Structure formats: structure tokens, C-alpha cells
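Data block below; observations after.
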Amino acid sequence: MGFIRLVAIVAAVLSAPLRAELANDDPFMRKRAEMVRDQVEREGISDPNVLEAMRDVPRHLFVSPELRARAYDPFPLPIGEGQTISQPYIVGFMTQILRLRETDRVLEVGTGSGYQAAIAAKIAAEVYSVEILEPLAVRSRRTLSDLGFRNVAVRRGDGYYGWEEKAPFDAIIVTCAGGHIPPPLLRQLGNGGRMIMPVGGPFMTQNLVFIEKDVRGGVTHRNVLPVAFVRLLGH
């Protein structure tokens, strides 16, 4: 099944409820601008494409209605199924370090709410996202579709094994922590590709690890930031 056909499954015109939300978006636009200024740009995120994407994507529509007033606060929020949407700074940091280009094909492991996929899709050409929890896969697929993202495909599966038939990827972003870097993901990272993943034990013993594969296939990695992520499930 080709990417266009996959996207056709998840793409749709903006739904009436979301059209109504965005038509009355003024308070959230202000909050979004403040979030980017105070929590992202002020903390060192400078990639103009990342900043623009985070100003554009309505983060509040990726959380439940009762949490929307908190959507632009500087901390993670629960999204159900024991999972969270990452705090804005972490989303900006992980996106910036990948140096996404408009021609890139991106793999995301751990779709969650769909917010990180939306940010990446504002910059890159194609985003393939894998979510192991069926309720989250269904919900994020619907949200992304309702918001008009036509370059994102979401499927339910074990992200440890990536999305082999769509490899190689120019960038891979893993939004859940594992004890090691999954070998299938390293194989699916193209030469010259970049990958970011939290690695370590539960919560505060984790580090974001940045992996690069050179044009000959050699791999280097380095710790870039201590973090606390939910665990990588499956495999």
C-alpha cells in the first residue's frame, strides 16, 4: 500500500467541531505564542521551522477538553492509557536536534496524542507514526485527519520494530523510553540519518540519546539531555 493510499485513509476535511474550535481560537493563539516565546525560544530552541510549527499547531486539540486550559503549561499532561503528551520544550528540543528538512521521511515511535507527529509534519515531507495502544492510535489518527494533515500515516503496532516497509528514514523520533536502542530502528535509519530516543530505566534515570548514521553507515551516539519519559511498550 503506497503512502498516498495510506494518507487517504487518515486524511479528511476539517470536521465541523474542530472548525468551530479554530474559528474561536484567539485565546489559544495568544497562549500558543506565549508558550513558544517563554518555554521554547527563551530556553534555546532557535530553529525557525520548529518555532513556526509550534506556533501553528493547536496543542489544546490534542488533549481532552477538560485539560485544554492547561495545554500550554510547561509540563506533560495525561492523554489516557497511562500515557502523556510531552511538555512543549521537550517537543521543541527533540524536533530541533533532528534538523528536519522539507524532503525528509520521518518515523515516529509512540504516536500518543499525535502532537509530535503534527509538529514534524509541518516541516518534513512524510511522517509515519506507530502506536502500540489501539485507543491512542484511533484517537490520534482522527485528530490528525480532522486537522487536515495529509502527510501523516498512523498505524497500530509495536514501534520497537519500526515500519520496515517504509524504510529507510531520514529521521527517527522515539517518544518513549527503552533500556536500549532497538536494532530494527538502527537498520531502518538511512545513511546520513538522525535519531533521538530516551534511553534508560524508569523516569529520572533516562537520557535523551542522539544517534547519527554517516554516509557509509557508521553510527555514533551521545547523551544530550536527562529526561523522564513513559516506557516503551511491547517487543
Under the rule of -39500 (n - 2.57) per DSSP H run of 4 or more residues, summed and divided by the residues of the chain, what mean residue ellipticity at 222 nm is obtained, to the nearest 500 deg cm²/dmol? -8500 deg cm²/dmol
Can you check what the net charge comes to around residue 72, using other residues whose Cβ is under 10 Å from the Cβ of residue 72 (Lys, Arg +1; Asp, Glu -1)? +3
Could you rank the peptides 114-127, 93-106 by their average count of other C-beta atoms within 10 Å per residue, with the highest value first? 114-127, 93-106
As straight-line cross-link partners of residue 122, the qualifying aspartates and glutamates (C-alpha separation under 18 Å, not fewer than 8 residues apart within one chain) are 41, 47, 52, 56, 102, 104, 108, 146, 170
Between the range 104-122 and the range 193-231, the Cα center-to-center distance that results, in Å: 17
Just for the range 3-227, what percent of DSSP beta bridges are antiparallel, to the closest 5? 50
List the residues whose amide H sits under 5 Å from the amide H of residue 231, counting only those 5 or more places along or on another chain, with H placed 1.01 Å from N in the peptide plane. 177
Relative to the chain, whose Cα atoms define the longest principal axis, helix 26-35 and its Cα axis are tilted in degrees, nearest 10, by 40
If you fit an axis through the alpha-carbon atoms of helix 88-97 and take the longest principal axis of the Cα set of the chain, what angle between them do you get, 0 to 90°, nearest 10? 40
Charged-residue dipole, Cβ positions (Lys, Arg, Asp, Glu), the chain about Cα centre, Debye nearest 20: 180
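Any read-out appearing in this document is the output of simple, stated calculations on the displayed coordinates, not a laboratory observation. What you see is a predicted model; the values in this text were computed from it and never measured. No Cβ is skipped: glycine too gets one built from the backbone with ideal geometry, and neighbour counts run over all protein chains shown.
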